[in-house]
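The values are calculated or read from the model by the stated rules, or taken from the named source; none is laboratory data. Computed from a predicted model, the values in this text were never measured in an experiment. All Cβ positions, glycine included, derive from the backbone under ideal geometry; neighbour counts span all protein chains shown. Surface areas here come from the heavy atoms of the whole protein model, side chains and all, with no ligands, DNA or RNA. Shrake-Rupley method; radii C 1.70, N 1.55, O 1.52, S 1.80 Å.
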Amino acid sequence: MADRGKEDYKNLFRRRLPQYIAACAACMGGFSLGCGIGWSAPCVEVLKEKHEYDTFSTNVIASVFPLGAALGMPVVPFLVDKIGRKWTMMSLVPAFLLGWMFITIGVTTFVLLVMGRLITGACGGMFCVVAPMYSAEISEKEIRGTLGVFFQLLLVIGILYAYCCGYARNIVVISILCGIAPLLFASIMTFMPESPLFYMAKDNEEAAKKSMRFFRGLEYDIDPEISAFKDQIDKSRREKVTFSAFLKKPVLKTMGVAYGLMFAQQFSGINAIIFYCETIFRQTGVDMDPLLQMLIFAVVQVIACAISASLIDQLGRKILMMISCGVMCLCLMALGIFFVLRTNNPDQADRLFWLPLVSACLYILAFCLGAGPIPWAYMGEIFPAKLKGTASSSAACLNWMLAFIVTVSFSSVVDAVGNAAVFFFFAMICLLSVVFVTFCMVETKGKTFADIQREFGTYDVNER
């Protein structure tokens with residue numbers, strides 16, 4: 001019986017392999033985004049040491065990346081509904097390459113560096129919306145959570161890659177190595193089909209069935225899913241997408257949950273820690289190579305995301321978010337306490353030399369277990385088809401605006417109130433996030449899109 005179960009699992013995995021491959025291909029956009037995020041940590045210090053940039057300039061160079069991501073959001077709803085999920089992502093490749101070219105040739109030119117970071121940020125931010133959307137639409141409900149985590153997994157692998165490139169201690173070399181990522185994405189994604197839901201929205205049922213057969217296998221009965229997509233599209237066409245549609249209570253509730261999760265993600269302090277990772281580790285005074293600490297930090301991210309991918313469809317989104325925010329709260333408290341000791345009792349801090357790295361690694365493990373991947377994966381699941389592009393883009397825009405605010409203000413706030421106070425503030429937000437998730441988040445594990453919309457009350461929102 002065990003052998004038969006093992007064989008059934010192998011056959012099921014083999015049948016679903018195209019879904020895993022396509023999700024990985026789309027989420028290579030996350031790898032490109034990770035390279036852009038991870039670039040800052042080693043390069044900020046190099047810009048200060050070798051190119052004599054001051055703190056204000058490096059803060060701007062680091063923080064315009066999330067600002068660019070926010071500015072790219074308004075284009076997404078138009079593109080995903082006009083040219084599709086796949087070709088929206090493919091169209092970002094030339095712009096991504098242009099951005100990296102500006103960064104590579106503009107090392108000594110502040111304006112070119114800022115332009116390059118804005119462009120790569122805009123492209124990376126757009127991937128945040130489109131890749132999870134594509135992954136959710138091509139996957140079976142039993143593995144939709146796992147495929148949704150792939151974006152965050154590839155993103156943190158991209159951050160790890162950028163940190164490894166940081167050992168070159170040369171901005172041009174680091175930027176060229178990071179600029180390879182969009183080419184790698186394009187070379188894989190070219191061979192993947194468009195989302196079947198998009199084809200149904202364009203009244204191309206034959207193409208939708210062909211796409212679905214690629215993802216489900218020739219012997220799989222695709223008719224129920226095609227029928228469900230058809231009902232979803234027919235229903236969405238009867239709904240008028242007006243501003244008033246977003247003011248209806250069920251839609252406001254859904255968007256409120258999405259916005260709340262994005263706020264929880266960014267005000268956990270994640271981007272401040274990643275963007276200024278090397279700087280933070282230098283400030284601890286611990287006698288260990290900051291770049292090595294960064295690499296350990298990044299490896300933990302990858303491991304945590306892999307664990308999350310294996311657990312999300314077993315434990316569910318809600319429980320992982322609660323565990324994630326709770327553990328992050330404790331880790332940030334520990335970091336805050338360490339910096340208090342560093343100021344008031346240096347000898348005691350020296351005896352706790354291991355605490356910053358251990359706390360940071362546990363923090364990032366917890367973040368990648370839930371607060372990192374789940375808001376993006378969740379966003380691809382909860383919105384009605386007709387509102388998905390606009391609603392997802394607005395939530396992503398909020399996310400990146402918050403990331404910009406946290407990143408651009410982090411160094412200045414630390415200078416004003418100290419590291420300890422900042423980490424205690426982030427810890428308080430994580431604690432409040434546990435309460436928010438407990439009472440407001442709807443579990444989506446194992447549910448169809450229609451089931452999720454019924455639970456949020458958005459399935460028949462126009463009849464209300």
Checklist outcome for this item: Being modelled with pLDDT of 85 or more and either in the same structural domain as L357 (by the TED database) or surrounded by 23 or more Cβ atoms within 10 Å (Cβ to Cβ) (or both) narrows L315, L291 down to just L315
Checklist entry - Taking the stated definitions as given, is C35 buried (at least 24 other Cβ atoms within 10 Å of the Cβ) and either in contact (Cβ under 8 Å) with a residue 24 or more places away in the chain or assigned by the TED database to the domain that holds S411 (or both)? => result yes
Checklist entry - Given the conditions (1) in contact (Cβ under 8 Å) with a residue 12 or more places away in the chain; (2) within 26 Å of I405 (Cβ to Cβ), and given that K141 satisfies all but one, which numbered condition is not satisfied? => result (2)
Item to check | Matching entry among A70, A23 (being of a type in the set (A, V, I, L, M, F, W, C), open to solvent by less than 20 Å² (accessible area, probe 1.4 Å) and within 30 Å of R213 (Cβ to Cβ)) | outcome: A23
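Is there a residue in region 317-324 that is more than 30 Å from A245 (Cα to Cα) and touching a residue at least 60 places away in the same chain (Cβ under 8 Å)?
yes
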Checklist entry - So, in region 406-417, of the ones that are of a type in the set (V, I, T) and without any contact (Cβ under 8 Å) to a residue 12 or more places away in the chain, which residue ends up surrounded by the most Cβ atoms within 10 Å (Cβ to Cβ)? => result V414
Item to check | Subset of region 89-132 (residues that are open to solvent by less than 50 Å² (accessible area, probe 1.4 Å) and farther than 17 Å from M73 by Cβ) | outcome: M90, V93, W100, F102, I103, T104, G106, V107, L112, L113, V114, G116
Checklist entry - For region 211-251, how many residues are assigned to a helix (DSSP H, G or I) and within 21 Å of T448 (Cα to Cα)? => result 24
Item to check | Residue that is within 30 Å of P384 (Cα to Cα), assigned to a helix (DSSP H, G or I) and of a type in the set (A, V, I, L, M), where the choices are A62, A69 | outcome: A69
Next on the checklist: Kindly evaluate F456 against the criterion of being open to solvent by less than 20 Å² (accessible area, probe 1.4 Å), of a type outside the set (V, I, T) and closer than 30 Å to V251 by Cα.
Outcome noted: yes
Item to check | Residues within region 412-464 that are farther than 19 Å from F367 by Cα and assigned to a loop (DSSP other than H, G, I, E, B), tallied | outcome: 12
Checklist outcome for this item: Of the conditions (1) assigned to a loop (DSSP other than H, G, I, E, B); (2) within 23 Å of Q453 (Cβ to Cβ); (3) in contact (Cβ under 8 Å) with a residue 40 or more places away in the chain, the single one that M192 does not satisfy is (2)
Checklist entry - Does region 262-284 include one or more residues that are open to solvent by less than 20 Å² (accessible area, probe 1.4 Å), touching a Cys at 6+ places or on another chain (Cβ under 8 Å), at pLDDT 80 or above and part of a helix (DSSP H, G or I)? => result yes
Checklist outcome for this item: Taking region 227-261 and keeping only residues that are of a type in the set (S, T, Y), at pLDDT below 90 and surrounded by 15 or more Cβ atoms within 10 Å (Cβ to Cβ), one is left with S236
Item to check | Residue that is surrounded by the most Cβ atoms within 10 Å (Cβ to Cβ) [pool: residues in region 435-452 that are under 14 Å from A385 (Cα atoms) and under 23 Å from the mean Cα position of the chain (by Cα)] | outcome: F449
Checklist entry - Any idea which of K141, K82, K86 is under 21 Å from the mean Cα position of the chain (by Cα), of a type in the set (D, E, K, R) and open to solvent by 30 Å² or more (accessible area, probe 1.4 Å)? => result K141
